[in-house]
Amino acid sequence: METTNQANTLKGRFNVGYKNILVAVDTSEESDHIVKAAKALMLDDGASISIITVIQPLYGLYVDMYSALGDLSSIESQAVEYANSTLSELVSRHGISPDSAHVITGKPSIEIKTWAESKGVDLIVLGTHGQHGLGLMLGSTANSVLHGAPCDVLAVRVGKKT
Ligand code: AMP
């Protein structure tokens with residue numbers, strides 16, 4: 001009851017009532033924390049949630065070494081398989097339908113924004129490691145999503161990256 005009252009206060013005060021929430025996770029152990037934060041923002045009865053993980057094609061990353069590395073497609077398909085099974089476990093732990101979990105390929109920040117735009121998402125939730133110094137200059141997925149996101153973005157502070 002207390003939680004419902006708090007939720008209604010939050011909803012009234014900030015005029016939030018997100019209906020279509022996208023959660024971007026990289027399948028690390030921090031994902032649980034990010035999903036929990038997103039679920040806490042499902043204040044509207046009809047709110048829906050999608051969880052995505054983006055697998056970046058290796059060819060684009062290691063183009064100079066491509067011929068030396070040989071067939072990268074099998075590594076990529078193993079990465080997709082691993083992400084699918086990790087995501088299934090994640091959604092099941094949080095009582096979210098398996099239909100809400102998606103593994104896609106591409107550049108994470110681009111795919112997250114494209115998904116949000118094409119599916120009419122009104123809130124993107126992701127993690128941030130609060131980079132500073134060189135890390136900040138190099139940018140992070142959170143920074144890149146924030147620039148040009150078609151909707152609100154919640155960056156949940158997660159454990160510092162080493
Ligand atoms: P990072 O750029 O590694 O600091 O990641 C910040 C946050 O962006 C992570 O906590 C995730 O929420 C999200 N993220 C990073 N990489 C991916 C990915 N490949 N797929 C989906 N979300 C991601």
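The values are calculated or read from the model by the stated rules, or taken from the named source; none is laboratory data. These figures come from a predicted structure and were not determined experimentally. Please note: Cβ atoms are built from the backbone with ideal geometry, for glycine as well, and neighbour counts cover all protein chains shown.
The lone criterion from (1) at pLDDT 95 or above; (2) in a loop (DSSP other than H, G, I, E, B) left unmet by residue 90 is number (2). Within region 18-36, residues that are closer than 15 Å to residue 92 by Cα sit with their Cβ atoms under 6 Å from residues that are away from the ligand (no atom under 11 Å from the Cβ), at 6+ positions apart or across chains, in these pairs: 27/86; 31/90; 35/94. Restricting the first member to region 82-106 and to residues that are free of Cβ contacts under 8 Å to residues at least 12 places away in the same chain, and the second to residues that are assigned to a helix (DSSP H, G or I) and aliphatic (A, V, I, L, M), the beta-carbon pairs closer than 8 Å and six or more apart or on different chains are 97/91; 98/91. The condition of being at pLDDT 95 or above, within 12 Å of the ligand (Cβ to nearest atom) and farther than 20 Å from residue 40 by Cα holds for only one of 124, 104, that being 104.
The residues listed here are 17, 12, 70; of these, the one that is within 20 Å of residue 120 (Cα to Cα) and modelled with pLDDT under 95 is 17. Out of all the residues in region 102-130, which are in contact with a strand residue (DSSP E or B) (Cβ under 8 Å, 6 or more places away or on another chain) and either part of a strand (DSSP E or B) or of a type in the set (Ser, Thr, Tyr) (or both)? Hits for region 102-130 are 102, 103, 104, 105, 123, 124, 125, 126, 127, 128. Residue 35 passes every criterion in (1) at pLDDT below 95; (2) out of contact with any Asp or Glu (no Cβ under 6 Å at 6 or more places or on another chain); (3) not charged (D, E, K, R) apart from (1).
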